[in-house]
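Just so you know, all these numbers are worked out from the coordinates, no wet-lab data involved. Predicted model, so just to flag it, every value in this text is computed and none were measured. Neighbour counts run over all protein chains shown; Cβ positions are idealised from the backbone, glycine included.
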Amino acid sequence: MALNALTVRNAKGRERPYKLSDSGGLYLFIQPKGQRYWRLAYRIAGKQRTMALGVFPDVELAEAREKRDAVRKILAAGLDPVEVDREMERKAKLAAKATFKVVAQEWLAKCEKEGRAPITLHKQRWLLDFAYPRLANRPVNEISGHEVYEVLEAIQAKGHFETARRLRSTCSLVIRYAVATGRAERDVCVDLRGA
């Protein structure tokens, strides 16, 4: 029998941990001290697995059911939701570490290994120094075209149009490098042509 919000809210701890089952493998796991955890039991490749879906009351019954349904879609695609969840977490951590400055430095190192002239590398570093105050610590996959445009606009306001044009090109190369190397885990659509 499916759970209801009142049953979930009134579930109390007992001497031993116990479960209150909902449907589709979803259940509420109650600890002796009264902590309540949403869990989902499922089978994949013939093995029984369990996945954590959150803690009650942070995750209410309706949200736990939504999460269960999302997991069931992953299972229907033949994927293990725990592995999908781990991969998403890994990608999120990687993307958070992939700041504009980190990626720019990787890109500059790549350019150096490819044999770019020292004067060219010096100019690229000099140009990137204009972007760092605003973009250095931003995850590269979160940088919008508007943010880059604001950096360029500030340079243009000082009458440095050629510097802004070259910086636009350099920022675009850094961001494209991040997408191409997987440093950013989603496509970064930065249209800098209008800047």
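If amide H atoms are built 1.01 Å from N in the plane of the peptide, which residues on other chains or at least 5 residues away come under 5 Å of the amide H of L53?
Close amide H contacts, sequence-distant or interchain: W38, R39, L40.
Could you pull the Rg and Dmax for the stretch 5-90, using just the Cα atoms, both in Å?
Considering the stretch 5-90 through its Cα atoms, Rg and Dmax are 13.4, 40 Å.
Short version: ³J(HN,Hα) in whole Hz for each residue of the stretch 108-117, in order, from phi by Karplus 6.51 cos²θ - 1.76 cosθ + 1.60 (θ = phi - 60°), x for Gly and Pro, what are they?
Values per residue, Gly and Pro as x: 5, 4, 4, 4, 5, 4, 6, x, 4, 5 Hz.
For the chain, what does the helix formula give at 222 nm: sum of -39500 (n - 2.57) over DSSP H segments with n ≥ 4, over the residue count, nearest 500 deg cm²/dmol?
-17500 deg cm²/dmol
Say R0 is 30 Å: what FRET efficiency, to the nearest 0.05, do R176 and E63 get from their beta-carbon distance?
So the FRET efficiency works out to roughly 0.20.
Among E63, E142, E87, determine the one that fluctuates most according to a GNM of the chain built with springs between C-alpha atoms less than 10 Å apart.
So, out of E63, E142, E87, the one fluctuating most is E63.
Set the Förster distance to 45 Å, then compute FRET efficiency between A154 and R86 from the Cβ-Cβ distance, nearest 0.05.
Once rounded, the FRET efficiency stands at 0.65.
What's the longest piece of the chain with no exposed trypsin sites (Lys or Arg not before Pro), counting a site as exposed if DSSP puts it in a loop and it has at most 12 other beta carbons within 10 Å?
With trypsin sites (Lys or Arg not before Pro) excluded where exposed in loops, the chain gives 34-157 as its longest stretch.
Lysines near K19 by alpha-carbon distance under 19 Å, same-chain residues fewer than 8 away left out - which ones?
K33, K67
Once the piece of chain linking A41 and A96 is laid out straight, how much longer is it, given 0.36 nm per residue of separation minus the C-alpha distance between them?
My answer for the length gained is 16.7 nm.
Can you list the HN-Hα couplings for the stretch 154-159, worked out from phi with the Karplus curve (6.51, -1.76, 1.60; θ = phi - 60°), rounded to whole Hz and with x for Gly and Pro?
5, 6, 5, 4, 8, x
Would you kindly state how much longer the chain becomes between L6 and E114 on full extension, computed as 0.36 nm times their sequence separation minus their alpha carbon distance, in nm to one decimal?
Stretched fully, the L6-E114 segment lengthens by 32.3 nm.
Mind checking which lysines have their C-alpha under 17 Å from K110, skipping anything on the same chain fewer than 8 residues away?
Within reach: K101, K123.
If I stretch the segment between F161 and K33 completely, what's the gain in nm (0.36 nm per residue apart, minus their alpha carbon distance), one decimal?
Gain in length upon complete extension: 39.5 nm.
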